[in-house]
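Here is the structure we will look at, set down as structure tokens.
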Amino acid sequence: MNQLMWLLKWILKAAIFFTLFAFALNNQHEVTVHFFFGTQWQTSLVLVVLSAFALGLGIGALGMVPRWWMHRSAALRAARAKHDANPSEPVVSPHPHGL
């Protein structure tokens, strides 16, 4: 069963890779991206699309940081409250992986 799942994962990874590779090969046309104040960037279309994708990932990850901090501090407060209620128990971090 584990080998079948391993094989299915690799088939899925290969399919995603070849789909993205075909996308990159089909979008090699030169494009000009016009920025403000007359600046421009000339490159292939696939680089523009991948740059926009990477920028979106970065902005999305930065947008999650405040909520992540809030949940982390709430988990730490809950762990401290549990320890304060029963000091004989050892303190166990809510994040065993160290994050």
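What follows draws every value from the coordinates through simple rules; no lab data is involved. Being a predicted model, the structure only gives us computed values, none of them experimental. Virtual Cβ from ideal backbone geometry, glycine too; neighbours counted across all protein chains shown.
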*Hey, does the stretch 48-59 have a residue that's over 17 Å from Leu20 (Cα atoms), free of Cβ contacts under 8 Å to residues at least 40 places away in the same chain and not in a helix (DSSP H, G or I)?*
no
*In the stretch 15-45, which residues are part of a strand (DSSP E or B) and surrounded by 10 or more Cβ atoms within 10 Å (Cβ to Cβ)?*
Val31, Val33, Trp41, Thr43, Ser44
